[in-house]
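Participant: To start, I am sharing the structure in question, which I have written as structure tokens.
Since every read-out is calculated from the coordinates, none of them should be taken as a lab result. Note that the structure is predicted; figures quoted are calculated from it, not measured.
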Amino acid sequence: MGYGMCSSPILDMLLELFVATHEGRSAYSWSLCMFAHVPISTALRKMETMEQEGMVIREKAGRDRRRIQVCLTPEGLAAVEGVLDRLVQVYAAEPIATSAAA
């Protein structure tokens, strides 16, 4: 459906972190800002919210303090998997007949 129809910076960032986790690659705060299509200040606030909720952890990436690595916590990973599992159930269900089709 595209970004314009389903924009949610937190969901966008969680999905990117989920994919990065499964691909075995690192994700950084800067790339998540770009992935979410929101201003950097907004993305950083959303990351802080996700961290406070226990969904992600942010760590300095080595000696370069400008690079902040962001990782899903086990709870964050389970939450994203739960959402994806539920979406599979919703899309696998038989379509509901509408009054217009009846």
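Participant: Please say if the range 9-86 is rounded, prolate or oblate, where rounded means a/c under 1.5 for a ≥ b ≥ c the square roots of the C-alpha gyration tensor eigenvalues, and otherwise the choice is prolate for a/b larger than b/c and oblate otherwise? Walk me through the numbers on the way to the answer.
Facilitator: Numbers: a/c = 1.64, a/b = 1.35, b/c = 1.21.
In terms of gyration-tensor shape, prolate.
Participant: Okay, moving on. Would you kindly state how much longer the chain becomes between LEU11 and VAL90 on full extension, computed as 0.36 nm times their sequence separation minus their alpha carbon distance, in nm to one decimal? Working shown, then result.
Facilitator: On the way: separation 79, 0.36 × 79 = 28.44 nm, distance 1.78 nm.
Additional length available on full extension: 26.7 nm.
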